[in-house]
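Undergrad: Structure in structure tokens, see below.
The values are calculated or read from the model by the stated rules, or taken from the named source; none is laboratory data. Note that the structure is predicted; figures quoted are calculated from it, not measured. Note that each Cβ is placed from the backbone with ideal geometry, even for glycine, and that neighbours are counted across all protein chains shown. The protein model used for the area step is the full one, side chains on, heavy atoms only, and it has no ligands, DNA or RNA in it. Shrake-Rupley method; radii C 1.70, N 1.55, O 1.52, S 1.80 Å.
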Amino acid sequence: MRIIKKYPNRRLYDTEKSSYITLAEVHKIIKSGKEFKVVDADSGEDITRSILVQIIIDQENGETPIFTTDMLTKFIRFYDDAAQNLFGEFLEKNMQMFTEQQKQMMGGLIDNPVTRIVQETTERNLMF
């Protein structure tokens with residue numbers, strides 16, 4: 001597993017490459033499908049989730065966000081709600097189902113250059 005350390009100066013250090021990297025480079029690692037973990041350099045605490053949230057924020061501030069304001073508002077309302085765990089499980093299972101459906105759809109198409117391009121694009125999008 002690739003380990004990335006986050007230092008107090010907010011810089012990310014890739015222990016595999018022995019160099020500092022940016023959030024954009026972490027995004028590339030995610031899209032490549034490689035397993036990774038981000039740890040606080042001082043405490044060793046796993047902070048991967050907070051880095052993932054930062055990447056989502058960057059993506060959502062771009063030209064083509066996935067989440068609407070209404071959807072994000074509803075997500076926030078589920079925090080500290082009795083149904084919070086159920087909501088998280090619901091989202092995770094739906095994402096798994098969506099991923100499987102994409103794989104099945106792509107597997108059933110005839111192998112041609114256009115299909116390969118669509119498949120590669122879909123896989124890259126699903127890795128995010």
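Undergrad: Hey, can you tell me all the residues within the stretch 66-86 that are open to solvent by 70 Å² or more (accessible area, probe 1.4 Å), part of a loop (DSSP other than H, G, I, E, B) and modelled with pLDDT of 85 or more?
TA: ILE66, THR68
Undergrad: While we're on this one: Tell me, which residue of the stretch 50-65 that is open to solvent by less than 100 Å² (accessible area, probe 1.4 Å) and charged (D, E, K, R) is farthest from HIS27 (Cα to Cα)?
TA: Only one residue tops the list, namely GLU60.
Yes/no matrix, rows are residues, columns are (1) at pLDDT below 95; (2) in contact with a helix residue (DSSP H, G or I) (Cβ under 9 Å, 6 or more places away or on another chain); (3) under 24 Å from GLU123 (Cα atoms):
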position: PRO8; (1), (2), (3): yes, no, no
position: TYR13; (1), (2), (3): no, no, no
position: ALA24; (1), (2), (3): yes, yes, yes
position: LYS37; (1), (2), (3): no, yes, yes
position: ILE51; (1), (2), (3): no, yes, yes
position: GLY62; (1), (2), (3): yes, no, yes
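Undergrad: Mind listing whichever residues of the stretch 7-49 are part of a strand (DSSP E or B), open to solvent by less than 50 Å² (accessible area, probe 1.4 Å) and either β-branched (Val, Ile, Thr) or farther than 30 Å from GLN119 by Cβ (or both)?
TA: LEU12, SER19, ILE21, VAL38, VAL39, ASP40
Undergrad: Does PHE98 satisfy the criteria of being closer than 22 Å to SER32 by Cβ and modelled with pLDDT of 85 or more?
TA: So PHE98 passes the test.
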